[in-house]
Every structure is written in C-alpha cells, then in structure tokens.
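**Student:** Before we start, here is the structure in question, set down as structure tokens.
The values are calculated or read from the model by the stated rules, or taken from the named source; none is laboratory data. Computed from a predicted model, the values in this text were never measured in an experiment. No Cβ is skipped: glycine too gets one built from the backbone with ideal geometry, and neighbour counts run over all protein chains shown.
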C-alpha cells in the first residue's frame, strides 16, 4: 500500500525550508553589509551609517545582532546627550600684545556666566 499524501506535511516541510532559506539569505546579506561597514572604518565611506544598517538586517533573524544594535543605539544616544549638554563657551576676542604695549581682552561667554579677563 503506498503512503498517503498529506497536504499538511507538505506545508510543514515548505514552511521549514522557507524559514531556513530566509535565515540564510538574511545572514548572507546582513553579514555582507556589516563587513562592508567594518571595511569602511579604514576605507573611505560612511561606516557609522552602514554598520548599524548591517546589524539591523541581521537583527531580523538573529537575537545577538539585535542586542549589538541596542548597544550601538545606547552609545549614540549617550554621545548625543553629552554633545547637547556640552559647554557653550566661546572665545569672542583673543588677547595679544600689540607693539604699543596695549593688551586686548578675552571675552568668554558661557551658558550661565560671562567672564571678562584682562
């Protein structure tokens, strides 16, 4: 007696092969983009944009890539917060002794204070 044809078994096999094929394609494409980004660290190119894109592609299928992408996001957010809170100090005028002996002043303005140094 020949084995019975079961459509659910066929669908299950197709589903498993689709998942495996998707995982392989995502892994190859994501790894390629990530390696191009890493190469762009020393070669000309926007490595700081391409590396997170590669991690995002890999993060579709791999949990470790999602964790790394989360660490990259946290590092960027800390850097942006640090940059936004940086001191707003600017030197408006420098000092220099002229030939006549007159001194120019520093005028330094900060976020909260204004300093005039003679």
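**Student:** Looking for something out of contact with any helix residue (DSSP H, G or I) (no Cβ under 8 Å at 6 or more places or on another chain), touching a residue at least 24 places away in the same chain (Cβ under 8 Å) and assigned to a helix (DSSP H, G or I) - is there at least one such residue anywhere in region 11-34?
**Tutor:** There is at least one residue in region 11-34 that is out of contact with any helix residue (DSSP H, G or I) (no Cβ under 8 Å at 6 or more places or on another chain), touching a residue at least 24 places away in the same chain (Cβ under 8 Å) and assigned to a helix (DSSP H, G or I).
**Student:** Taking the stated definitions as given, is residue 21 under 19 Å from residue 69 (Cα atoms), in the same structural domain as residue 68 (by TED's automatic domain parsing) and modelled with pLDDT of 80 or more?
**Tutor:** no
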